[in-house]
């Protein structure tokens with residue numbers, strides 16, 4: 001069964017090759033240029049197939065537009081479209097030799113490609129990225145050790161480390177890495193860790209390890225698998241909520257709701273999130289939101305109250321809220337509902353982490369970013385090259401430089417009284433009349 | 001990345017074919033403008049291979065490379081056509097076989 005994409009590839013590929021051949025054999029230079037434009041359009045189509053939309057647009061505007069217009073312009077300017085029959089090559093063996101050599105090259109390249117000597121294997125999976133978040137309000141700052149080596153130093157409450165790639169496993173036999181948490185500044189060899197856990201290393205993934213204590217103060221890890229793939233719409237954000245709010249009573253579950261507009265339908269965002277649980281990530285439109293975390297079951301009462309009387313004093317209080325928080329588009333947000341004890345009172349404390357999602361591969365955004373960061377210097381060099389080319393073109397085609405007659409020639413020409421040419425007097429007259 | 005429907009080898013093969021056609025144009029045609037157009041065809045074939053490999057490795061660097069090639073091609077076309085204009089003005093021809101003033 002022939003897929004649509006493959007069928008399109010074959011059709012457009014045939015057109016591209018046909019256009020190139022026609023360009024080769026056409027006698028008229030203008031026809032050749034038009035066939036080349038057709039070929040460039042086909043290549044632009046292939047760029048679209050290869051998920052490079054920006055390059056496809058650049059191909060159409062720069063190549064098929066600007067460059068070919070320049071070609072056509074010069075062809076017309078020189079009158080080169082009226083081909084004099086091409087002079088027979090000076091060497092009779094040149095044509096067959098050229099054809100033979102190119103066919104040989106094509107054969108070699110074709111065999112290499114078909115035998116898959118071209119390395120078309122899948123790229124190596126990248127090491128997973130890992131970050132650590134400290135969400136224990138009453139836990140002192142910690143140091144994080146990975147496989148016995150210091151990895152993150154002095155991580156205080158509400159702080160998050162940068163995403164770091166896990167190193168390759170040195171010993172193939174060992175499965176996974178060991179992440180250990182020590183109190184900050186303590187000798188890791190002489191003391192027991194506060195928490196030590198083997199972490200599974202999935203491939204090509206992003207993990208957030210949240211250090212949080214339960215009501216008894218025992219630390220544990222909660223793992224959030226981040227999703228940094230681009231969202232379909234860049235005006236959307238992705239929200240994940242983690243319940244790290246310790247409570248003494250049995251039911252610690254919370255519900256997350258958007259209280260900006262209580263009347264709107266999708267009021268509840270996350271239902272019944274138990275302590276230590278991670279919600280599924282929600283895709284929401286970018287904008288300002290006031291999100292609140294309610295104790296489980298309290299949300300309906302709040303909704304009823306809000307619906308009946310806007311001025312009512314709410315008996316139902318959220319345990320935590322994010323007031324008028326801006327949710328940027330194309331970001332992955334992680335909201336950790338946490339708490340710390342202040343003066344004997346448990347107070348809620350929010351940790352909101354935001355990561356920009358990977359941009360779509362091949363998009364103008366992605367290209368622009370690498371062009372203006374990593375490839376800034378080559379970009380400047382190219383710009384300089386264009387400038388030099390521009391100046392060079394002006395110098396080269398300046399007629400004053402090449403055809404300016406010498407003083408003697410000019411004088412000679414003026415004096416000559418060839419029929420049809422103006423005499424000196426007539427010439428002077430024409431100049432003075434032009435001047436009026 | 002899911003397996004693409006059109007294999008990379010096909011794109012590379014197509015790019016090789018286009019490149020060879022461009023080479024033939026350079027070797028067989030005698031008109032300087034047509035030789036120049038064939039060089040553009042070769043540059044495009046190379047770009048196509050670059051973009052195909054960029055998809056394979058999911059590397060946006062190759063797209064930057066293609067962008068630079070396009071820019072250099074634009075500069076090259078401007079200079080080359082200016083040369084052709086200047087030559088045809090003095091020699092009244094664009095046939096490369098008639099341009100042998102550098103021949104020893």
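The values are calculated or read from the model by the stated rules, or taken from the named source; none is laboratory data. Small disclaimer: the values here were computed from a predicted structure and weren't measured. Note that we place each Cβ from the backbone using ideal geometry, even for glycine, and neighbour counts take in every protein chain shown.
Structure values in brief
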item: Matching residues, segment A:102-121, being more than 8 Å from chain B (Cβ to nearest Cβ) and either modelled with pLDDT of 85 or more or loosely packed, with under 12 Cβ neighbours inside 10 Å (or both); result: A:104, A:107, A:108, A:111, A:115, A:117, A:119, A:121
item: Criterion violated by residue B:29 - all others in (1) within 19 Å of residue A:21 (Cα to Cα); (2) at pLDDT 90 or above satisfied; result: (2)
item: Residues located in segment A:180-231, provided they are at positive phi and at pLDDT 75 or above; result: A:185
item: In segment A:1-35, the residues that are at the interface with chain B (Cβ under 7 Å from one of its Cβ atoms) and within 21 Å of residue B:12 (Cβ to Cβ); result: A:3, A:5, A:6, A:9, A:13, A:16, A:17, A:20, A:21
item: Pick from segment A:148-157, criterion part of a loop (DSSP other than H, G, I, E, B) and modelled with pLDDT of 80 or more, ranking: surrounded by the most Cβ atoms within 10 Å (Cβ to Cβ); result: A:157
item: Residue check, residue A:24 under 16 Å from residue A:71 (Cβ atoms) and free of Cβ contacts under 8 Å to residues at least 12 places away in the same chain; result: yes
item: Condition met for residue A:97 (modelled with pLDDT under 90, within 7 Å of chain B (Cβ to nearest Cβ) and over 30 Å from residue A:371 (Cα atoms)); result: no
item: Segment A:36-51, residues that are facing chain B (nearest Cβ under 9 Å), part of a helix (DSSP H, G or I) and surrounded by fewer than 24 Cβ atoms within 10 Å (Cβ to Cβ); result: A:40, A:49
item: Some residue of segment B:17-28 being within 30 Å of residue A:78 (Cβ to Cβ) and touching a strand residue (DSSP E or B) at 6+ places or on another chain (Cβ under 6 Å); result: no
item: Residue selected from segment A:354-370 under the condition closer than 30 Å to residue A:318 by Cβ and surrounded by fewer than 17 Cβ atoms within 10 Å (Cβ to Cβ), by the criterion modelled with the lowest pLDDT; result: A:356
item: Among the residues listed as A:397, A:402, the single one being at pLDDT below 65 and either touching a strand residue (DSSP E or B) at 6+ places or on another chain (Cβ under 9 Å) or at the interface with chain B (Cβ under 9 Å from one of its Cβ atoms) (or both); result: A:402
